[in-house]
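Peer 1: Please read through the structure below; I'll follow up with questions.
Any read-out appearing in this document is the output of simple, stated calculations on the displayed coordinates, not a laboratory observation. Quantities reported herein were computed from a predicted structural model and do not represent experimental measurements. All Cβ positions, glycine included, derive from the backbone under ideal geometry; neighbour counts span all protein chains shown.
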Amino acid sequence: MSRGRLSAGAIAAAALVAAGIASGTLAARPSGPAQETTTTATTLQDGSGCTTAQVAAVVRAFVRAFNAGNAVAVDRLFAAKPTFKWFAMGGPQGRAGKAAENRTTIRSYVRKRHRHRDRLTLVTIEGNAHFFMRRRATDYRPRNAIEGKGAATCRHGTTRLIVWAL
């Protein structure tokens, strides 16, 4: 490789980092007062078949189930394989890389984090799905809201998460 030229792999990795997909915990912005989420019934133009309201509802359901330690409910909010892609979480006992792609460990991860009183608070959400959350646990206390990204599918009459990165 000549000096001053980037390989295709380096460019792809930079694009993933810039998109926030390669990182379990994405760039944070300063905490501010909680904002109520506003949604409309507009169908997103991303091929998911979802409206912003459906995406917001599945994200809120995820937060409720995760905070309650309801591992079965969290698991059911994710699409089945092969539609499911990953569930990544930063912080202690994080899920990244191949571990995040392993759908069979979602329940055990939720139970483990519930023992640490891991709790999420949705601050804002837009589209499919770009969000900011506050996260607190006995072993994790970030100072700012954490940016996350996800994606849902609304095919076959149900809304399911296919990607989650916080």
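Peer 1: Quick one: Debye curve from the alpha-carbon atoms of region 32-165 only, equal weights, vacuum; give me log10 I(q)/I(0) at q = 0.20 Å⁻¹ to two decimals.
Peer 2: Each listed q maps to, in turn, -1.24.
Peer 1: By how many nm would the segment from H116 to N67 grow when fully extended, if each residue of separation counts as 0.36 nm and the alpha-carbon distance is taken off?
Peer 2: 16.6 nm
Peer 1: Another question, if that's okay. Once amide H atoms are placed 1.01 Å from N in the peptide plane, what residues at a sequence separation of 5 or more from F78, or on another chain, have their amide H within under 5 Å of its amide H?
Peer 2: Here the answer is L161, since their amide H atoms fall under 5 Å of that of F78.
Peer 1: Turning to a different aspect of this structure: Which loop-located GluC sites (Glu not before Pro) does region 85-160 contain, where loop means any DSSP state but H, G, I, E or B and the Cβ has at most 13 other Cβ atoms within 10 Å?
Peer 2: The qualifying sites: there are none.
Peer 1: Enumerate by residue number the trypsin sites (Lys or Arg not before Pro) in region 57-166 meeting two conditions: DSSP loop (anything except H, G, I, E, B), and at most 12 other Cβ atoms within 10 Å of the site's Cβ.
Peer 2: R143
Peer 1: Would you give the gap between the C-alpha center of region 104-166 and the C-alpha center of region 49-97, rounded to a whole Å?
Peer 2: Between the Cα centre of region 104-166 and that of region 49-97, the gap is 6 Å.
Peer 1: If you take the beta carbon distance between T83 and R134 as r and set R0 to 30 Å, what does 1/(1 + (r/R0)^6) give as a FRET efficiency, to the nearest 0.05?
Peer 2: For R0 = 30 Å, the calculated efficiency reads 0.55.
Peer 1: Given R₀ = 25 Å, FRET efficiency for T104-E126 by Cβ-Cβ distance, to 0.05?
Peer 2: Values: r = 31 Å, r/R0 = 1.24.
In this case the efficiency is close to 0.20.
Peer 1: So, one more: Just add up the charged neighbours of R141: K/R +1, D/E -1, any other residue whose Cβ is under 12 Å from the Cβ of R141.
Peer 2: +4
Peer 1: Here is a follow-up. Roughly what % antiparallel, to the nearest 5, for the DSSP beta bridges in region 32-165?
Peer 2: Counting DSSP beta bridges with both partners in region 32-165, the antiparallel share is about 85 percent.
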